[in-house]
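Novice: I'd like to ask you about the structure that follows.
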Amino acid sequence: MKSINEAEEKAAEIKAAAQQKAAEIAGNAEERSADIAKLSEAECKASGEKAIKEAEEAAQKKYDDEITAKRAVAAKYAADCLKSTDNIVSDVVRRIVRGGC
C-alpha cells in the first residue's frame, strides 16, 4: 500500500512538473511567435517599400526614355519644317530685295 501511495505521489509530481514545463514551453512559443510576427511585418514592409522604389525607378526610366525619343522626333520634324520653309523665305526675301512685291 505504501509503495502504491509513493508511486501515486511520484506520478503526481511528474505530472505537475510536466504541466509546468508545458506552460513554460507554451509561454516561450507565444513570445517567439510575437517576435516572428514583428520580424515578418518588418520584412514585408521593407519588401513592399523596395518594390515600390524599384517600380518608381523603372517608370521614371521609361518616362525619360520616351521623352528622349519624342524630343528626337520633334527635333527632326522641326528641322524638316525649317528645310521646307527655307525656299519660301528665300523667295520672299528675293522678291523684297528685287522689288517684285
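The values are calculated or read from the model by the stated rules, or taken from the named source; none is laboratory data. The structure presented is a predicted model; accordingly, all values stated were derived computationally and were not measured. Cβ placement follows ideal geometry from the backbone for every residue including glycine, while neighbour counts extend to all protein chains displayed. These area figures cover heavy atoms from the full protein model, side chains too; ligands, DNA and RNA do not enter into them. Shrake-Rupley method; radii C 1.70, N 1.55, O 1.52, S 1.80 Å.
Novice: Can you tell which of 31, 54, 66 is acidic (Asp, Glu) and modelled with pLDDT under 95?
Specialist: Numbers: 54 fails: modelled with pLDDT under 95; 66 fails: modelled with pLDDT under 95.
Going through 31, 54, 66 in turn, the sole match is 31.
Novice: Of these, 54, 30, 24, which one is open to solvent by 100 Å² or more (accessible area, probe 1.4 Å) and among the acidic types (Asp, Glu)? Outline the logic, then answer.
Specialist: Details: 54 fails: open to solvent by 100 Å² or more (accessible area, probe 1.4 Å); 24 fails: open to solvent by 100 Å² or more (accessible area, probe 1.4 Å).
Criteria check complete, one pass: 30.
Novice: Hey, any hits in region 91-101 for a residue that's open to solvent by 100 Å² or more (accessible area, probe 1.4 Å) and assigned to a loop (DSSP other than H, G, I, E, B)? Don't jump to the end; show me each part of the working.
Specialist: Within region 91-101, the first condition is being open to solvent by 100 Å² or more (accessible area, probe 1.4 Å), and the residues that meet it are 94-98, 101.
Add one more test, that the residue is assigned to a loop (DSSP other than H, G, I, E, B), and what stays is 101.
Yes: region 91-101 contains one or more residues that are open to solvent by 100 Å² or more (accessible area, probe 1.4 Å) and assigned to a loop (DSSP other than H, G, I, E, B).
Novice: Please state which one of 61, 45 is out of contact with any Ser or Thr (no Cβ under 6 Å at 6 or more places or on another chain), on the phi < 0 side of the Ramachandran plot, modelled with pLDDT of 95 or more and in a helix (DSSP H, G or I). So that I can check it myself, show each step before the final result.
Specialist: Values: 45 fails: modelled with pLDDT of 95 or more.
Result: 61 is the single residue among 61, 45 that is out of contact with any Ser or Thr (no Cβ under 6 Å at 6 or more places or on another chain), on the phi < 0 side of the Ramachandran plot, modelled with pLDDT of 95 or more and in a helix (DSSP H, G or I).
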